[in-house]
Amino acid sequence: MSATTTAAAPVRGGLRLGLLAALLLLAADQASKWWILEGLRLPELRSVPLLAAGPLGLDLTMVWNRGVTFGLLSGEGPLNHVLLALLAAAIAAFLLRWLARAETRPVAVALGAVIGGAIGNVIDRLRFGAVVDFIHAHAWGWSWYVFNVADAAIVCGVAVLIADALLRRPAPG
């Protein structure tokens, strides 16, 4: 047996599957943002209640997020949105490389979700100088940050990647 170890082989079709997931997610994200801005015209309405079930609520609430996750690093500087878009694009490029080597189908789909979400938010930053956020969940007086389809895909994709890292058994040999 050799003293060196080799990485597991990429799953067959993983790159294609991940890119398809990224494309579908990107399309859903951009379509939802188009509908929020042009169809519903949420910037004019500001907020639309969707669900009130006892202490649980879900609203459409317009927020222009100039920062990154949870509004961190927000700023009004002329280059702030470009720098954040470049950072997100660099991360997406790194994830594409990882996707080409994905070892399982769930990892490929999760990486595709993160890539598609990141690209969706980069498009917003370049078009509007901010990300279009509009989903507002709240319960028992507690309010979650306002987010969008891309953000949800990124969070779910990262959760799958963490679960895979923690739970997947190494291949024998």
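Key figures for this structure:
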{"item": "Some residue of the stretch 120-141 being over 20 Å from Leu42 (Cβ atoms), assigned to a helix (DSSP H, G or I) and open to solvent by less than 30 Å² (accessible area, probe 1.4 Å)", "result": "yes"}
{"item": "Test: Arg97 is at pLDDT below 95 and of a type in the set (D, E, K, R)", "result": "yes"}
{"item": "Enumeration of residues in the stretch 81-91 that are under 16 Å from the mean Cα position of the chain (by Cα) and open to solvent by 10 Å² or more (accessible area, probe 1.4 Å)", "result": "Leu84, Leu86, Leu87, Ala88, Ala89, Ala90, Ile91"}
{"item": "Residues of the stretch 142-173 classified as among the aromatic types (Phe, Trp, Tyr) and assigned to a loop (DSSP other than H, G, I, E, B), total", "result": "2"}
{"item": "Scope the stretch 28-42; condition in a helix (DSSP H, G or I) and surrounded by 13 or more Cβ atoms within 10 Å (Cβ to Cβ); matching residues", "result": "Ala28, Asp29, Gln30, Ser32, Lys33, Trp35, Ile36, Leu37, Leu42"}
{"item": "Test: residue in the stretch 153-173 that is among the β-branched types (Val, Ile, Thr), farther than 24 Å from Arg12 by Cα and crowded, with 16+ Cβ neighbours inside 10 Å", "result": "no"}
{"item": "Residue check, Thr69 among the hydroxyl-bearing types (Ser, Thr, Tyr), at pLDDT below 95 and farther than 20 Å from His138 by Cα", "result": "no"}
{"item": "Hey, Phe147 within 24 Å of Gly13 (Cα to Cα), of a type outside the set (Lys, Arg) and open to solvent by 40 Å² or more (accessible area, probe 1.4 Å) or not", "result": "no"}
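The values are calculated or read from the model by the stated rules, or taken from the named source; none is laboratory data. As the structure is a computational prediction, the values presented were derived from the model and not from experiment. Please note: Cβ atoms are built from the backbone with ideal geometry, for glycine as well, and neighbour counts cover all protein chains shown. Heads up: the accessible areas ignore ligands, DNA and RNA and are worked out on the full protein's heavy atoms, side chains in. Shrake-Rupley method; radii C 1.70, N 1.55, O 1.52, S 1.80 Å.
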